There are 2 protein chains.
Amino acid sequence: MTVTDPYEKVLNLNTMNPLIKNVEYAVRGQLAIRAEEIKKDLAEGKEYPFSRVVNCNIGNPQQLNQKPITFFRQVSSLCDNPDLLRKENRSIVSQLYPTDAIERANKLMTSVGSVGSYSHSQGVPAIRHTVSQFIKERDGYASSPDHIFLTQGASSGVQTLLSMITQNSNSGIMIPIPQYPLYSASLALYGATPVPYHLDEESGWSLDVHQLTDIVTRARQQGTDVRALVIINPGNPTGQCLTKENMRDIIDFCSHQRLILLADEVYQTNIYEPEERPFVSFKRALMDHPTFEVRESLELVSFHSISKGMIGECGRRGGYFECVNLDEKVLEQIYKMSSVSLCPNLHGQILVDLMCNPPRLGDESYEQYKREVESIYNSLRRRSRKLERLFNQMDGVSCQPAQGSMYLFPQVLLPEKVIHKATKLNMAPDAYYALAMLEATGVCVVPGSGFGQKEGVWHFRSTFLPEEHLFDEFCNALLQFHQDFIIQHS
Amino acid sequence: MTVTDPYEKVLNLNTMNPLIKNVEYAVRGQLAIRAEEIKKDLAEGKEYPFSRVVNCNIGNPQQLNQKPITFFRQVSSLCDNPDLLRKENRSIVSQLYPTDAIERANKLMTSVGSVGSYSHSQGVPAIRHTVSQFIKERDGYASSPDHIFLTQGASSGVQTLLSMITQNSNSGIMIPIPQYPLYSASLALYGATPVPYHLDEESGWSLDVHQLTDIVTRARQQGTDVRALVIINPGNPTGQCLTKENMRDIIDFCSHQRLILLADEVYQTNIYEPEERPFVSFKRALMDHPTFEVRESLELVSFHSISKGMIGECGRRGGYFECVNLDEKVLEQIYKMSSVSLCPNLHGQILVDLMCNPPRLGDESYEQYKREVESIYNSLRRRSRKLERLFNQMDGVSCQPAQGSMYLFPQVLLPEKVIHKATKLNMAPDAYYALAMLEATGVCVVPGSGFGQKEGVWHFRSTFLPEEHLFDEFCNALLQFHQDFIIQHS
């Protein structure tokens, strides 16, 4: 052995997995880390020009005091403490819980056994059955529980599929720009080649299908084995919702080019213009396709989650994906990989069951459930519009409306001085802007450079999740900051 | 484009990630799949020579009706339904919940906020603090919450570290044979090189440190960049518990050979000979080392979980790992990867808090907690001995006692006829034996070939988790099966 410094680490930046080193994930990057520091400072009494940090960097509704759906928590807590379901406790428990919550918990316990047990690696069969019924009701087409995999949130499902599809570093996956950085991060991790396509900001971040053929042709000419297309609908960070015609074109494109379609549909109930832009699932768009061969051959995987919508139970880590037209042998491989991870956590699985089969008209809990969902929905819509208007009032800022999702992605015209200063500091100009915003207002957003954007234009992504009663204060602070920042840097 | 069959899948066994195809995971392999089929058949009234399937293939205590710890479920369910914590419900709720559970839930809610929120990606800071206190009490040495990462079970933590350590396909990781197949599966997935070392069956599966130097030297001569050693203590599937002297030798070996030590310590409370073979953590063994340089330089990661011990909450997916002497820059990379997955589920995190800080002497719930833990522990110990005795009564079977963990790993002398038959069927002989056992008795075990074993000897792994009142029936069925099987194949 050669003589080495015993304090030199075996594992360091030079010896670690280089693919991991390449991963970037801005949603919890530098800005988020600084926000955590400020929170600690505030808790210790240190002075800032604001009294609290507002995390608009991440779609984390309950962190910003969005109330959980009562029925869901009732059922879940009964499953967690089955002593409450014992007959001798019935009279006390029924003072705290409605009958349908108790019945539902009993039913779930019959199929789950215990929330402390490993389940089937693909998810509890009865819960996968519930999901398949939900999909059937939503789309009007059959869905098989055997083709549904429960997951710990949509992210882990997306990662499973992307890693499965990556045969080698030539394997190409088309991803939107701007995109949710899970995609670029995962492709970096698996060593696949991202093949970006652009969403068009001026037309409300719509997807121009005509560009796609050029992009895939060019990538293939350059030797990339393009094999899948990722769509986020409704969009993240862009908030657009695709029309059915647009979806049909995308399906034709994928079918013609022999691409697997990965549809990230986690924001399917966050739809703010339901008349003009209702949500249509890619499963339904595919099954509505007039050509038998397309319906029967296009490989589609659709992802959903309990983290978004009006539910917002992201801390539980639950979700599912449905596979359409996938090779049975590939499904076996997905099952094998699920089994290495043993199973998705049962609390997440239970919430998937409740999301897919909520109280119905006539059920004891229905009115309250409906009221809660509508109240969150209406508030989200109001807040999205208020924030959009605010951004559009700012000098040099333009913001497309959110047709869906939980985000706005305004474009900011940054003065030359900012670009110079940021470059000197080795920062993206939009990161410099966002950091200044955080230090001045306590509002934490994510710089557009974390999602990808056209060269020379700058954005940031902000959720519209802060509590409604704080909204005016929050909007005023942002407006003031922006004015000051522009004056200071002009 | 070339003309292709439109029904040929884009993603198939030939085009998918070849590393995934190479992954093997026997714990939920062919046997487990057949067991599921039989369960379905039984539910539909089909006749078998037994009335139920007994899953001894996987450490899933609550599936086999082990009762969860009452206090843990009480606190967790209160966190799940914070309405129960409201003042106006106090008088009713206190009929169902002891005061210390209510207080603990209130305390957790203060630091967690909501179980529906994403937490810090590394885990709730207050819960990491609890873990660090637990480690300090256990070992007598300080532990920093900044070096603790909460995970969704130990498996996901192990995978994070193994992927981090794998720089390229030359990166070698020493793993025990027999081993829990998570390790071989993960190394196959990341494309690293397994460097196996053997546990010695005759001496109760002890680890002979002298072989290790030869193995690492030979592997390095062959060009493998050996950089880490995995130890499972107490052992899985082998049940041994290392002596402190043995651990010291392993630490010296790793230090001398510049290897990272990965210590899988999830069975640390499943200790059945506490006088002769108490559990000592590798953290403590390292901190007790007389040489300053070793203490300050050996890179150690230790994994723990809520899934095992007397807790058995594996369906919740919770755990943690502690990093000792790791490069700060590497810790940042681990944090980054944790943040791509957002956070471990909150229900798992809460259970980690409870595991690390259970009721104490003087607390209202202490007596019940103690009674429950002791009852499970004593029963596990009785069952481990009963099953060990049973295996040793069987013709041609020899079984080492379980000093720890939840498994026995008996060796079975299989007649030549079995080996011929199995080879013809393209099966491992021990898989043939285990399948025959399943079909005859409903007992599902895992063939030794799934864990690795010396050439020409055959084993199977069985948990000793079936309920104690079923044990005699279960033991008789196994004894009868083995007799019949041997007669039939001689």
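Checked across the stretch A:44-56, the condition of being closer than 21 Å to A:Pro358 by Cβ and not polar (S, T, N, Q) holds for no residue. Scanning the stretch B:317-331 for residues that are of a type in the set (D, E, K, R) and within 15 Å of B:Gly157 (Cα to Cα) gives B:Arg317, B:Glu322.
In a residue-by-residue description of the stretch B:392-401, the property of being charged (D, E, K, R) and surrounded by fewer than 19 Cβ atoms within 10 Å (Cβ to Cβ) applies to at least one position.
Scanning the stretch B:223-249 for residues that are more than 14 Å from chain A (Cβ to nearest Cβ) and basic (Lys, Arg) yields a total of 2.
Exactly one residue among B:Phe481, B:Phe451, B:Phe485, B:Phe471 is on the phi < 0 side of the Ramachandran plot, within 19 Å of the chain's Cα centre (by Cα) and aromatic (Phe, Trp, Tyr), and that residue is B:Phe451. Within the stretch B:319-342, being open to solvent by less than 20 Å² (accessible area, probe 1.4 Å) and modelled with pLDDT under 95 holds for B:Ser339, B:Val340, B:Leu342. For the stretch A:252-282, filtered to residues that are assigned to a helix (DSSP H, G or I) and surrounded by 22 or more Cβ atoms within 10 Å (Cβ to Cβ), the residue that is farthest from the other protein chains (Cβ to nearest Cβ) is A:Phe282. In the set (1) surrounded by fewer than 21 Cβ atoms within 10 Å (Cβ to Cβ); (2) within 14 Å of chain A (Cβ to nearest Cβ), B:Ile215 fails one condition alone, (2). Tally the residues that are open to solvent by less than 20 Å² (accessible area, probe 1.4 Å) and part of a loop (DSSP other than H, G, I, E, B), restricting the search to the stretch A:18-30. Looking only at that region, the number is 3. Could you check, for the stretch A:450-460, whether at least one of its residues is assigned to a helix (DSSP H, G or I), in contact with a Gly (Cβ under 9 Å, 6 or more places away or on another chain) and closer than 24 Å to A:Pro181 by Cα? Yes: the stretch A:450-460 contains one or more residues that are assigned to a helix (DSSP H, G or I), in contact with a Gly (Cβ under 9 Å, 6 or more places away or on another chain) and closer than 24 Å to A:Pro181 by Cα. Here the condition is being in contact with a Lys or Arg (Cβ under 7 Å, 6 or more places away or on another chain) and in contact (Cβ under 8 Å) with a residue 40 or more places away in the chain; of A:Gly191, A:Gly204, A:Gly223, A:Gly172, it holds for A:Gly172 alone. The numbered conditions (1) over 27 Å from the mean Cα position of the chain (by Cα); (2) open to solvent by 20 Å² or more (accessible area, probe 1.4 Å); (3) under 30 Å from B:Ala142 (Cα atoms) are all true for B:Ser91 except (3). Among the conditions (1) more than 13 Å from chain B (Cβ to nearest Cβ); (2) assigned to a helix (DSSP H, G or I); (3) out of contact with any helix residue (DSSP H, G or I) (no Cβ under 9 Å at 6 or more places or on another chain), the only one that A:Gly362 does not satisfy is (2). The sole residue among B:Glu374, B:Glu388, B:Glu322, B:Glu367 that is more than 14 Å from chain A (Cβ to nearest Cβ) and touching a helix residue (DSSP H, G or I) at 6+ places or on another chain (Cβ under 7 Å) is B:Glu322.
Across the stretch A:31-75, the number of residues qualifying as open to solvent by 30 Å² or more (accessible area, probe 1.4 Å), within 11 Å of chain B (Cβ to nearest Cβ) and touching a helix residue (DSSP H, G or I) at 6+ places or on another chain (Cβ under 8 Å) comes to 2. Checking the structure you have, find out if any residue of the stretch A:39-49 is more than 25 Å from the chain's Cα centre (by Cα), among the aromatic types (Phe, Trp, Tyr) and on the phi < 0 side of the Ramachandran plot. Yes - at least one qualifying residue is present in the stretch A:39-49. Entry remark, the stretch B:473-490: residues being open to solvent by 50 Å² or more (accessible area, probe 1.4 Å), part of a helix (DSSP H, G or I) and in contact with a Lys or Arg (Cβ under 9 Å, 6 or more places away or on another chain) number 1 in total. Being touching a helix residue (DSSP H, G or I) at 6+ places or on another chain (Cβ under 8 Å), more than 30 Å from A:Cys79 (Cα to Cα) and either modelled with pLDDT of 95 or more or of a type in the set (Asp, Glu) (or both) is true for just one of A:Val131, A:Val216. Which residue is that? The unique qualifying residue is A:Val216. Quick one: in the stretch A:144-167, which of the residues that are over 25 Å from A:Asn60 (Cβ atoms) and open to solvent by 20 Å² or more (accessible area, probe 1.4 Å) is farthest from the other protein chains (Cβ to nearest Cβ)? Per the stated criteria, the residue is A:Ser144. Only one of the numbered conditions (1) surrounded by fewer than 22 Cβ atoms within 10 Å (Cβ to Cβ); (2) closer than 13 Å to B:Leu207 by Cβ; (3) touching an Asp or Glu at 6+ places or on another chain (Cβ under 9 Å) is not met by B:Asn233, and that is (1). The criterion of being more than 22 Å from A:Glu36 (Cβ to Cβ), open to solvent by less than 10 Å² (accessible area, probe 1.4 Å) and of a type in the set (A, V, I, L, M) holds for B:Leu354. Only one of the numbered conditions (1) hydroxyl-bearing (Ser, Thr, Tyr); (2) open to solvent by 40 Å² or more (accessible area, probe 1.4 Å); (3) under 18 Å from the mean Cα position of the chain (by Cα) is violated by B:Thr291, and that is (3). Against the test of being modelled with pLDDT of 90 or more, surrounded by 21 or more Cβ atoms within 10 Å (Cβ to Cβ) and outside the structural domain of B:Glu467 (by the TED database), the options B:Leu78, B:Leu85 yield a single qualifying residue, B:Leu78. When residues in the stretch B:340-359 are screened for being among the β-branched types (Val, Ile, Thr) and at the interface with another protein chain (Cβ under 7 Å from one of its Cβ atoms), 1 of them pass. Within the stretch A:406-465, the set of residues being of a type outside the set (A, V, I, L, M, F, W, C), over 21 Å from A:Ser384 (Cα atoms) and open to solvent by less than 40 Å² (accessible area, probe 1.4 Å) comprises A:Pro415, A:Pro429, A:Asp430, A:Tyr432, A:Tyr433, A:Gly450, A:Gly452, A:Gln453. Kindly establish whether A:Pro82 is within 7 Å of chain B (Cβ to nearest Cβ) and not hydrophobic (A, V, I, L, M, F, W, C). Taking the combined requirement at face value, the residue does not satisfy it.
It is to be established whether one or more residues within the stretch A:100-119 are within 27 Å of A:Ser156 (Cβ to Cβ), small (Gly, Ala, Ser), surrounded by fewer than 19 Cβ atoms within 10 Å (Cβ to Cβ) and more than 8 Å from every other protein chain (Cβ to nearest Cβ). Yes.
The values are calculated or read from the model by the stated rules, or taken from the named source; none is laboratory data. Bear in mind that the values here come from a model prediction, so they are computed numbers and not experimental data. As a convention, Cβ positions derive from the backbone with ideal geometry for all residues, glycine included, and neighbour counts pool all protein chains shown. Surface accessibility is based on the protein's heavy atoms, side chains included, excluding ligands, DNA and RNA. Shrake-Rupley method; radii C 1.70, N 1.55, O 1.52, S 1.80 Å.
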